[in-house]
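Undergrad: Below is the structure I would like to discuss, written out as C-alpha cells.
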Amino acid sequence: MEELDRITQIVAQIGGMPPLGPDDNIYRAGFASMKALELLVELEAQYDVAIQDDHFMKAESPRDLAAMIASLRSSEGMATAA
C-alpha cells in the first residue's frame, strides 16, 4: 500500500470520517482537533519518527502529512548513517 493511502486511512480511522482525498484539508473536512494528539501519536508509532508539534500543525492534508513523515524519515536516516 502506498504511504499516502495508508496515512489517509489512518486519518479517516482516527477522525471517524470517510477517507479524504490526498489534498483535502482534514480540519475543514470535520477532523476534530481533539483527535489531533491521537493522530500525532499514531503516526509517530506507525512510522517510528518524532514529529514536532509545530510541524504537525502545519500539515493539514494527508499529502502534507506524508511529505512531513518522508522528510523526517530521510533526515533521521542521514543522522543515523553519520
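Undergrad: Going residue by residue through the stretch 56-68, is there one that turns out to be over 11 Å from the mean Cα position of the chain (by Cα) and modelled with pLDDT under 95? Full working, then the answer.
TA: Applying the first criterion (over 11 Å from the mean Cα position of the chain (by Cα)) to the stretch 56-68 yields none.
The answer is no, given that none of the residues of the stretch 56-68 is over 11 Å from the mean Cα position of the chain (by Cα) and modelled with pLDDT under 95.
Undergrad: OK, next. Filter the stretch 19-71 down to residues that are aromatic (Phe, Trp, Tyr) and surrounded by 16 or more Cβ atoms within 10 Å (Cβ to Cβ) and give me whichever is nearest to residue 8 (Cα to Cα). Spell out the reasoning first.
TA: Quick first cut of the stretch 19-71, residues aromatic (Phe, Trp, Tyr) only: 27, 31, 47, 56.
Filter once more, keeping what is surrounded by 16 or more Cβ atoms within 10 Å (Cβ to Cβ): 31, 47, 56.
Working: 31: 12, 47: 14, 56: 15 Å.
Only one residue fits best here, namely 31.
Conditions tested, residue by residue: (1) under 11 Å from residue 62 (Cβ atoms); (2) without any contact (Cβ under 8 Å) to a residue 12 or more places away in the chain; (3) more than 10 Å from the chain's Cα centre (by Cα).
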site	(1), (2), (3)
8	yes, no, no
13	no, yes, yes
17	no, no, yes
22	yes, no, yes
31	yes, no, yes
41	no, yes, no
44	no, yes, no
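Undergrad: Right, another one. Would you please list the contacts, defined by Cβ atoms under 6 Å and residues six or more apart or on different chains, that run from a residue in the stretch 54-67 that is closer than 13 Å to residue 3 by Cα to a residue that is among the charged types (D, E, K, R) and at pLDDT below 95?
TA: Note: pairs meeting the criteria are 66/3.
Undergrad: Condition first: under 16 Å from residue 64 (Cβ atoms), surrounded by fewer than 16 Cβ atoms within 10 Å (Cβ to Cβ) and among the hydroxyl-bearing types (Ser, Thr, Tyr). Can you find one or more residues in the stretch 3-17 that meet it?
TA: no
Undergrad: For the stretch 31-43, state whether one or more residues are modelled with pLDDT under 90, within 18 Å of residue 5 (Cβ to Cβ) and among the hydrophobic types (A, V, I, L, M, F, W, C). Can you show your working first?
TA: Looking only at the stretch 31-43, we keep the residues that are modelled with pLDDT under 90, and these are 31-34.
Narrowing further to those that are within 18 Å of residue 5 (Cβ to Cβ): 31.
Among the residues that remain, those that are also among the hydrophobic types (A, V, I, L, M, F, W, C) are: 31.
Yes, the stretch 31-43 contains a residue that is modelled with pLDDT under 90, within 18 Å of residue 5 (Cβ to Cβ) and among the hydrophobic types (A, V, I, L, M, F, W, C).
The values are calculated or read from the model by the stated rules, or taken from the named source; none is laboratory data. Keep in mind the model is a prediction, meaning the values are calculated, not measured. We place every Cβ from the backbone using ideal geometry, glycine too, and count neighbours over all the protein chains shown.
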